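This report concerns only the one structure given below.
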Amino acid sequence: MTAPASGAELLTEPVDVCLVTPKATRLEEALDRVPAPAVRDAVLVPLLNGLEHMALLRQPLLRQRYPDARVVAGAIRLVASRTGPGAVRHEGSLAAVQLAPGAEALAAALADAGLDVAVRPDETGLLWDKLAFLAPVALLTTTLDAPLGAVRKQLGDDLRALVEEVAAVARAEGADADAAATLAFMATVPAVMTSSLQRDTAAGHETELEAIGGAVLRAADRHGVDVPVTTRVVEHLRARLA
Ligand SMILES: NC(=O)C1=CN([C@@H]2O[C@H](COP(=O)(O)OP(=O)(O)OC[C@H]3O[C@@H](n4cnc5c(N)ncnc54)[C@H](OP(=O)(O)O)[C@@H]3O)[C@@H](O)[C@H]2O)C=CC1
Ligand SMILES: CC(C)(CO)C(=O)C(=O)O
């Protein structure tokens, strides 16, 4: 599919909705490209992996910069990578977006464009639902540098432990996480599925290990949840990627 799109280094036109989609490590500098007069009372919808970006987007400094804007949580499930300037490869057919209340107009526009869209009331549940699936998949596909099918075969025990540990942290945060349901869903995902953390690591790019694995460890620590397998896997990756 080819679609015309215009790009600019700085947002100059006023917008109703601003999708915030840099990597977590680039969030603050990316926002410098979004001046307040263009944002006005727009809805800012981050689609980043992880959850700590929500606190960053709501910190007093950014509230002062965008006093009338609303930050509405979102999460996206798809497998996509850039193959060249202006070229994006979308693998498989998965393209699902969940949005918190406040982004209904965006939800309708994305649904019209053919995406699978849901608006759900619980921001915490929305963010942890994604992370409860993503963190185990991302951490172990990166550990093995192989797709999910190989992880299921070679690191099945670690996969189960990670899913259970991350679900326990999610519940401590107030999300309604069900490890058995996540594992059952994971078993249905095509064996060829890779993760963005794995692809970034393999390409030697800056990674979102902290936004994904680090965020789970910090949340576990806040609530005193024991996560030995997640800790081992994240520490191993931290050492490898340092
Ligand atoms: N790829 C995937 O399959 C999935 C990704 N995600 C999440 O979505 C988010 C984005 O990932 P992805 O699209 O893969 O990342 P990419 O690296 O492909 O794209 C990031 C975008 O952010 C822009 N950007 C980076 N730094 C700056 C900056 N300083 N100022 C302005 N713009 C900047 C890049 O601009 P430029 O084009 O100029 O480099 C690029 O358009 C991440 O949090 C990721 O985890 C979630 C689900 C799946
Ligand atoms: C969950 C998954 C693997 C696909 O949406 C993802 O978010 C990622 O690769 O970052």
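Coordinate-derived values only; no laboratory data. Predicted, not measured: the structure shown is a model, and the values here were computed from it. Every residue, glycine among them, receives a Cβ derived from its backbone with ideal geometry; neighbour counts consider all protein chains shown.
From the Cα gyration tensor of the chain, with a ≥ b ≥ c the square roots of its eigenvalues, which class applies: rounded if a/c is under 1.5, or else prolate if a/b is larger than b/c, or else oblate? Here the chain falls in the prolate category. For residue 17, the residues 5 or more places off, or on other chains, whose built amide H falls under 5 Å of its own are 43.
Please give the FRET efficiency for residue 178 paired with residue 41, using the beta carbon to beta carbon distance and R0 = 41 Å, rounded to the nearest 0.05.
On the way: r = 37 Å, r/R0 = 0.91.
About 0.65, to the nearest 0.05.
Using alpha carbons only, how many angstrom separate the centre of the stretch 94-113 from the centre of the stretch 194-225? With the stretch 94-113 and the stretch 194-225 each reduced to a Cα centre, they are spaced 26 Å. Amide H contacts under 5 Å for residue 177: 171, restricted to partners 5 or more places along the chain or on a different chain, H placed in the peptide plane at 1.01 Å from N.
Rounded to the nearest whole Hz, the Karplus-based 3J(HN,Hα) values (6.51 cos²θ - 1.76 cosθ + 1.60, θ = phi - 60°) of the stretch 85-102 follow the sequence x, x, 10, 10, 9, 9, 8, x, 10, 5, 7, 10, 10, 10, 10, 7, x, x, with x at glycine and proline.
Couplings 3J(HN,Hα) of the stretch 163-172, computed from phi: 4, 5, 5, 5, 5, 5, 5, 4, 5, 5 Hz, in residue order, whole Hz [Karplus 6.51 cos²θ - 1.76 cosθ + 1.60, θ = phi - 60°; x for Gly and Pro].
Peptides 74-87, 148-161, ordered by how many other C-beta atoms sit within 10 Å of their residues on average, highest first, read 148-161, 74-87. Over the chain, dividing the summed -39,500 (n - 2.57) contributions of all DSSP H runs of at least 4 residues by the number of residues returns a 222 nm mean residue ellipticity of -13500 deg cm²/dmol.
Provide the percentage of antiparallel DSSP beta bridges, counting only those with both residues in the chain; round to the nearest 5.
Working: 10 of 20 bridges.
Of those bridges, close to 50 percent are antiparallel.
Each residue of the stretch 105-112 was assigned a 3J(HN,Hα) from its phi angle through the Karplus curve 6.51 cos²θ - 1.76 cosθ + 1.60 (θ = phi - 60°); the sequence is 5, 5, 4, 5, 5, 5, 5, 4 Hz, with glycine and proline shown as x.
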